[in-house]
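First the structure, in the form of structure tokens, and then the observations on it.
The values are calculated or read from the model by the stated rules, or taken from the named source; none is laboratory data. All of these numbers come straight from a predicted model, not from anything done at the bench. Note that each Cβ is placed from the backbone with ideal geometry, even for glycine, and that neighbours are counted across all protein chains shown.
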Amino acid sequence: MSKLKEHQQLRQWCNESWPELYRYIYKRVQNREEAEDVTQDTYARTLPKFTFPEFPSSAYLKTVALNIIRDRWRQRKVRGIQVQLEEALLVAENDVSKVLDSTWVEEVMKQLSWEQQTVLKLRIVEGYSRAETAQKMNKSEDAVRGLQYRAIQNLRGLLLDNLKGADEG
Amino acid sequence: MRQTPEQELDFMIDTLNKEQDPKMELHDNSAGMLAAVRAVRTLRKPAEPNSSFGQRIYKILKADSQRKRTPVRLAAIAAGVILVLALTFGKSFLNGDVVYAMEKAVLQLSSYQGTLEMSTENLAGEKWMVRKVEIWSEGEKYALRQTDGTLTVNNGEQKFQVRAKDQEIAILPLVPDYTKRGFDLHDEAEKAKQYSHTIVGQENIAGRETIKLKISPPGGEPYHLWIDAETDLPLQLQTAVQNALQTTYTFVSFEPNVQIDSQIFNLNVPEGFKVVEQDPGQLVNTISEASDISKFVPLVPQNSPLRIFVFKERIVLDYGDTTIIETPAQEPFKPAGYGAWGDVNGKPLEVIKERLRWQQQGLEIIVEGPQSLELARQIAPDLVLPDKDTEFSSQAKVKVSVDMEIVKADQKQVDGGHTPWQLDPLSVALTFVNLQVTPEGIVGEPEIPYSTFEIGNNNGVEAIINVAEGPISKVYLKRLVRQDESGIWSVIGYDPRL
């Protein structure tokens with residue numbers, strides 16, 4: 001195969017595979033910087049194991065990506081142990097993960113008080129700053145900080161309870 | 001001070017909102033919070049990667065396919081580069097950030113034995129030894145022997161000083177213990193991590209290979225720290241030149257994680273020695289015993305203390321690395337000018353590093369140590385820390401322009417031990433206001449006395465000073481160079497009295 005053709009095939013595979021992989025990773029890490037880093041790292045680690053014109057499958061790339069995320073998160077831990085909610089974010093694509101299902105998360109959020117739902121929507125979903133959120137909610141910035149903390153703690157508990165309920169059911 | 005869980009969460013949300021990776025150390029609680037925030041973010045539309053991202057991936061793939069064609073040449077070059085870097089930078093290259101490695105090594109240090117020398121050098125290059133101390137440290141226990149033979153020991157149950165010259169043994173209060181902080185390796189590791197640092201070389205210190213770090217506190221003179229290349233522990237510290245003198249602290253011998261003869265920590269009274277007690281306090285088992293002896297009821301957190309000490313009108317709850325001291329409040333609460341202000345039930349809370357002080361239910365409470373916030377919140381659930389993001393200066397009716405070059409020079413002066421009044425916002429406001437009244441200079445007692453100045457608010461970064469008389473009613477100050485207790489205050493605005 002000519003060098004030119006080889007590069008064309010490579011470019012085509014690259015263009016077809018990276019957007020799906022990036023979205024898969026983003027869904028779990030929820031920020032562009034980390035999603036780009038992990039995507040790049042996934043290709044860099046996977047490619048040396050394959051010989052052209054053979055390319056890794058999408059499932060293979062995703063498994064490597066999950067392992068990279070798991071390792072990165074573990075390295076930042078004081079105790080090096082993954083917590084349950086993190087694991088729920090890192091299940092493989094074919095396994096059902098409710099935490100990655102926005103409809104389910106939205107339903108669980110409805111169990112929070114109205115104020116707690118509002119603060120999470122403004123700060124996290126809409127992406128407003130603490131000052132902007134404080135203004136919209138007619139509260140001090142300190143109050144917003146306290147409210148969002150209680151909201152996340154409650155939500156974490158609810159997510160875990162619901163996950164356990166699903167496991168037992 | 002470590003961030004509060006509320007601040008940690010705020011940081012996570014802001015970082016993810018900026019589409020950045022929250023690179024932070026995570027405890028179980030913070031990891032759970034971060035996962036919950038990520039779950040909520042699934043309700044957002046995912047951010048697209050940067051426009052050139054696809055091109056970047058293609059370059060990686062292309063480079064890999066070329067690498068496969070010429071494996072020997074590139075592998076050889078890569079191996080060569082790694083070898084050169086490893087030989088040049090040793091562990092710092094192979095193990096990542098040397099400061100991170102030091103922090104880990106210090107955390108894993110269970111015991112050590114060593115000799116610390118403190119020497120001073122003047123600008124003429126003359127050097128002399130100030131002190132030499134032998135140190136034995138095991139967990140919370142330690143023993144220090146000075147060159148004159150004085151031995152200070154804290155064995156967890158007693159703290160005492162054997163003064164050979166005077167043939168006496170002084171029994172000292174066990175808590176709070178300030179002696180230990182004089183040689184705390186954790187502090188140095190923490191500072192190195194906090195401030196910007198660069199590797200500036202490799203040197204042999206006391207027969208050991210070390211990596212030399214230059215540490216630059218914001219707005220201050222840089223200083224140097226040498227880290228043992230084998231153990232990753234700090235071996236030598238050299239301060240910046242202050243008052244034409246430079247001090248160097250060197251562990252001329254240092255053995256980490258060694259078995260220490262427990263005899264060194266035991267109190268043995270040699271024949272002919274007398275024992276002197278300096279109110280060492282009384283160890284009791286329960287809070288009610290403490291109350292009976294001290295004649296007041298302390299406020300107690302949910303977490304049980306490891307030990308309870310009672311002194312005359314003072315109860316000390318010992319939590320290992322953190323101490324709570326409670327005394328009956330004698331006078332109205334006055335926070336120190338150099339501390340930041342928080343709030344406990346509408347009353348001021350003084351915050352100085354890991355030390356919180358406030359009055360509650362007729363008691364003055366001091367909580368000091370890494371767990372201070374957690375324990376203080378168990379006593380005062382409504383405790384609010386100073387909000388450093390709040391801006392007071394925008395309220396100033398008259399803005400005062402500041403020459404940053406002069407402010408930086410002033411900060412260096414204060415770092416060197418001169419004009420310490422610049423650390424006190426009240427003194428800075430006093431000087432400013434009086435120079436408005438008597439522009440020719442302050443001679444003798446200032447026209448507007450110190451007693452008329454009062455702190456209105458202080459979040460650690462900005463402060464408002466209320467002035468009861470004179471042409472100015474409020475002065476607005478800010479720590480412009482460094483936003484911690486070592487940062488000087490500058491006037492950035494004022495309100496004229498109407």
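Tabulated results
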read-out	value
Of the criteria (1) in contact (Cβ under 8 Å) with a residue 12 or more places away in the chain; (2) assigned to a helix (DSSP H, G or I); (3) within 25 Å of B:GLY346 (Cα to Cα); (4) not aromatic (Phe, Trp, Tyr), which one B:SER451 fails	(1)
Residues of region B:320-354 that turn out to be part of a strand (DSSP E or B) and either crowded, with 19+ Cβ neighbours inside 10 Å or in contact with a Leu (Cβ under 8 Å, 6 or more places away or on another chain) (or both), as a count	15
Selection status of B:ARG357, closer than 28 Å to B:PHE11 by Cβ, in a strand (DSSP E or B) and among the basic types (Lys, Arg)	yes
All helices (runs of 4 or more DSSP H) inside region A:93-147 with 1 or more residues being within 10 Å of chain B (Cβ to nearest Cβ) and within 30 Å of A:LEU21 (Cβ to Cβ)	A:102-109, A:114-120
Flag for B:GLU277 being at pLDDT below 85, of a type in the set (Asp, Glu) and closer than 21 Å to B:VAL98 by Cβ	no
Subset tally (residues that are touching a Phe, Trp or Tyr at 6+ places or on another chain (Cβ under 9 Å) and over 30 Å from B:ASN29 (Cα atoms)) for region B:374-393	2
Meets criteria (at pLDDT 85 or above, under 20 Å from the mean Cα position of the chain (by Cα) and buried (at least 20 other Cβ atoms within 10 Å of the Cβ)) for B:LEU317	no
Subset of region B:122-143 [touching a Lys or Arg at 6+ places or on another chain (Cβ under 9 Å), at pLDDT 80 or above and of a type outside the set (Ser, Thr, Tyr)]	B:VAL133, B:GLU134, B:ILE135, B:TRP136
Restricting region A:24-51 to residues that are surrounded by fewer than 22 Cβ atoms within 10 Å (Cβ to Cβ) and β-branched (Val, Ile, Thr), the residue that is nearest to the other protein chains (Cβ to nearest Cβ)	A:THR51
Search result, residues across region B:1-22 that are more than 7 Å from chain A (Cβ to nearest Cβ), closer than 21 Å to A:GLU33 by Cβ and assigned to a loop (DSSP other than H, G, I, E, B)	B:GLN3, B:LYS18, B:PRO22
Subset of region B:302-314 [surrounded by fewer than 14 Cβ atoms within 10 Å (Cβ to Cβ), of a type in the set (D, E, K, R) and in contact (Cβ under 8 Å) with a residue 24 or more places away in the chain]	B:LYS312
Matching residues in region B:385-414 - criterion: being among the aliphatic types (A, V, I, L, M), surrounded by fewer than 17 Cβ atoms within 10 Å (Cβ to Cβ) and not in a loop (DSSP other than H, G, I, E, B)	B:VAL398, B:MET404, B:ILE406, B:ALA409
Subset tally (residues that are in a loop (DSSP other than H, G, I, E, B), touching a helix residue (DSSP H, G or I) at 6+ places or on another chain (Cβ under 9 Å) and of a type in the set (A, V, I, L, M)) for region B:456-495	4
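Residues checked against (1) touching a residue at least 40 places away in the same chain (Cβ under 8 Å); (2) out of contact with any strand residue (DSSP E or B) (no Cβ under 7 Å at 6 or more places or on another chain):
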| position | (1), (2) |
| --- | --- |
| B:GLY444 | no, yes |
| B:ILE455 | yes, no |
| B:VAL467 | no, no |
| B:SER473 | no, no |
| B:VAL481 | yes, yes |
| B:TYR494 | yes, no |
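A quick yes/no check of all residues on (1) at pLDDT below 75; (2) touching a Phe, Trp or Tyr at 6+ places or on another chain (Cβ under 9 Å); (3) outside the structural domain of A:ASN162 (by TED's automatic domain parsing); (4) assigned to a loop (DSSP other than H, G, I, E, B):
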position: A:GLU6; (1), (2), (3), (4): yes, yes, yes, no
position: A:THR42; (1), (2), (3), (4): no, no, yes, no
position: A:THR46; (1), (2), (3), (4): no, yes, yes, no
position: A:THR51; (1), (2), (3), (4): yes, no, yes, yes
position: A:PHE55; (1), (2), (3), (4): no, yes, yes, yes
position: A:ILE68; (1), (2), (3), (4): no, no, yes, no
position: A:ARG72; (1), (2), (3), (4): no, no, yes, no
position: A:GLN82; (1), (2), (3), (4): yes, yes, yes, yes
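Table: residues versus (1) touching a Cys at 6+ places or on another chain (Cβ under 9 Å); (2) touching a residue at least 24 places away in the same chain (Cβ under 8 Å); (3) among the aliphatic types (A, V, I, L, M).
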residue: A:GLU36; (1), (2), (3): no, no, no
residue: A:TYR43; (1), (2), (3): yes, yes, no
residue: A:THR46; (1), (2), (3): no, no, no
residue: A:PRO56; (1), (2), (3): no, no, no
residue: A:ILE68; (1), (2), (3): no, yes, yes
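Matching residues to (1) within 12 Å of chain A (Cβ to nearest Cβ); (2) modelled with pLDDT of 70 or more:
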| position | (1), (2) |
| --- | --- |
| B:ALA47 | yes, yes |
| B:LYS68 | yes, no |
| B:ILE77 | no, no |
| B:GLY90 | no, no |
| B:PHE93 | no, no |
| B:LEU116 | no, yes |
